[in-house]
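Written below as structure tokens is the structure these notes are about.
The values are calculated or read from the model by the stated rules, or taken from the named source; none is laboratory data. Everything quoted here is computed from the prediction, not taken from an experiment. Reconstructed Cβ throughout: ideal geometry from the backbone, glycine too, with neighbour counts over all protein chains shown.
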Amino acid sequence: MPAADGKPMLWPTRLTYSVPTYGYQLEVDRYGFVDVSGALVVPERYDGYEYCPDAAGRTAFVLAFPPGGRVDVLDLTGKRIARMPTESADCGGADHVIVMDVIDGESGLVNSGLFDLATKKLVLPVKTNRRIEVVDAHTLNVSEARGEFFYDLATGKRTPHAGWLLAAGLEPDAPAAPAAAAWAETYPDTDAGVGFVDRSGSWVVQPNLTDADEFTSGYAVIQEFGHYTFLDADLARVGGEWDEVVTVAVRSGDRYPTVGYEVTRGAEEGLLGPDLSVIVPPGPVAIECPSEAEDVCSIVAADGSAELIALPEGTRTPMPAGFTQALSRAFVADQDSPDRTDAARVYSLVAAKAFELPHPATCTGVGTLWARCGQDWESVSPVVVDRHGNRAPFRSIEAVADPAPGAEGAYYWVTAGRYQGFVDAEGAWRYQESRFTQLED
């Protein structure tokens, strides 16, 4: 099971244990990992995991969270290279880990420090009410009650900055990050405004805005005076004024580049490309960009006719009569009633063939090769449809992200009967195990 770039990778496996608890069965997920040879190198013993990227955005190591224990750091062969001093942790830029004592998970109150994987030491000790977030592969934002500063991972230099960052992540070419003028815990309950802070720590857009998002793919959405507009890399207002703007983004490695914007003005809806070009002019249409599909939207006209729009290029594909939901670039679905999103039929655009579902269900696209309808917790069995418009032999299917940024995933995690594991794009098993396990007392 090689990664797209031929480098090492740990692919996540999952076992669901049934644990007797107070007279009923509690289902508990445990995670392990398969390496590129298709061998289980880390048994399913972790509550969860997180992939951490290197400076280029490629998966470099894994944070693995054991139940009730301190966080393990695994390399991409499955070897444990460090154990953190805390039970919570987060990626901290290239070769670093943010370690945390969680005080109140609901409010986000944590005591944080920074662990250097190269020296196996804390370079920032765990401190009360300290929060640390990644700005980019080389910089962190450290927030404390008295203020915030940028921390350079290479030199340890601290650069105090104005305001309190609302979104720490900065793309390489982003000119600044959005920040509130008041302490984040009080925003937005005060009248403090929002502006943008550059890497030197200065306001480059004064905090006179109502709200703002981070820069993605060259633009930032801002709100002021009751409307929305955009800032470009020169911090100029561009792209017109709108009543609402919703960003459409896709996952690429650890980043989420923007592929378009849903915009609303009055009763009219439109769609812009990532460069703010007009893909769908504002008009009396209904536009839906489902988060599960990421890079497609549906546009339904007043007469009920619908088109699938692929982003960011903006190409349009007419949907067959009666179909109005975009699932992926390869699948669309109908609605079994006007007020519900459950589908009665799924249509493969590749095969030009409709599949009649045995029961109405909510459907999602899984890459461009499959569509899945239904949920595991429902009383009726989920259905997986392949690109040929036929029912596949899987109960469930999930795309597995490749570690290389921009690479299309080549593997899928599936369940089928008493087995689960990884299949490739053709549906052939690459790793298989039993999915029935009961945890004993």
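Has the range 401-408 got at least one residue that is modelled with pLDDT of 95 or more, closer than 30 Å to Ala55 by Cβ and either surrounded by 18 or more Cβ atoms within 10 Å (Cβ to Cβ) or touching a Leu at 6+ places or on another chain (Cβ under 6 Å) (or both)? Within the range 401-408 (the criterion being modelled with pLDDT of 95 or more, closer than 30 Å to Ala55 by Cβ and either surrounded by 18 or more Cβ atoms within 10 Å (Cβ to Cβ) or touching a Leu at 6+ places or on another chain (Cβ under 6 Å) (or both)), the answer is no, since none of the residues qualifies. Counting only strands (runs of 3 or more DSSP E) that sit completely within the range 112-225, those holding 2 or more residues that are of a type outside the set (A, V, I, L, M, F, W, C) correspond to 121-127, 131-136, 139-144, 147-152, 158-161, 203-209, 220-224.
Residues in the range 347-360 that are in contact (Cβ under 8 Å) with a residue 40 or more places away in the chain and assigned to a strand (DSSP E or B): Tyr347, Ser348. Among the conditions (1) under 24 Å from Ala180 (Cα atoms); (2) more than 22 Å from the chain's Cα centre (by Cα), the only one that Leu117 does not satisfy is (1).
Yes/no matrix, rows are residues, columns are (1) over 27 Å from Arg255 (Cβ atoms); (2) surrounded by 19 or more Cβ atoms within 10 Å (Cβ to Cβ):
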site	(1), (2)
Pro85	yes, no
Asp90	no, no
Asp95	no, no
Val102	no, no
Leu114	no, yes
Thr119	yes, no
Val123	no, no
Gly147	yes, no
Tyr151	no, yes
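Within the range 124-146, the residues that satisfy the criterion of being farther than 28 Å from Asp173 by Cβ and either of a type in the set (Ser, Thr, Tyr) or without any contact (Cβ under 8 Å) to a residue 40 or more places away in the chain (or both) are Pro125, Lys127, Thr128, Asn129, Arg130, Glu144, Ala145, Arg146. In this entry, Ser291 is excluded by the filter for residues that are out of contact with any strand residue (DSSP E or B) (no Cβ under 6 Å at 6 or more places or on another chain) and modelled with pLDDT of 95 or more.
Of the strands (runs of 3 or more DSSP E) lying entirely inside the range 28-87, those containing at least 3 residues that are within 23 Å of the chain's Cα centre (by Cα) and either closer than 21 Å to Val123 by Cα or in contact (Cβ under 8 Å) with a residue 24 or more places away in the chain (or both) are 48-53, 59-65, 72-74. Taken over the range 305-329, the criterion of being polar (S, T, N, Q), buried (at least 22 other Cβ atoms within 10 Å of the Cβ) and part of a loop (DSSP other than H, G, I, E, B) is satisfied by Ser328 alone.
Before we move on, is Ala344 touching a residue at least 40 places away in the same chain (Cβ under 8 Å), under 21 Å from Cys289 (Cα atoms), of a type outside the set (D, E, K, R) and in a strand (DSSP E or B)? No: the conditions fail for Ala344.
Here the range 411-441 is the region considered, the condition is being at pLDDT below 90 and of a type in the set (A, V, I, L, M, F, W, C), and the residue that is surrounded by the most Cβ atoms within 10 Å (Cβ to Cβ) is Leu439. Note on the range 1-35: residues that are of a type in the set (Val, Ile, Thr) and closer than 14 Å to Gly421 by Cα amount to 3.
Residues in the range 32-48 that are buried (at least 20 other Cβ atoms within 10 Å of the Cβ) and farther than 23 Å from Trp429 by Cα: Tyr46 only. Determine whether the range 158-179 contains at least one residue that is of a type outside the set (A, V, I, L, M), touching a Ser or Thr at 6+ places or on another chain (Cβ under 9 Å), surrounded by fewer than 18 Cβ atoms within 10 Å (Cβ to Cβ) and modelled with pLDDT of 90 or more. Yes - at least one qualifying residue is present in the range 158-179.
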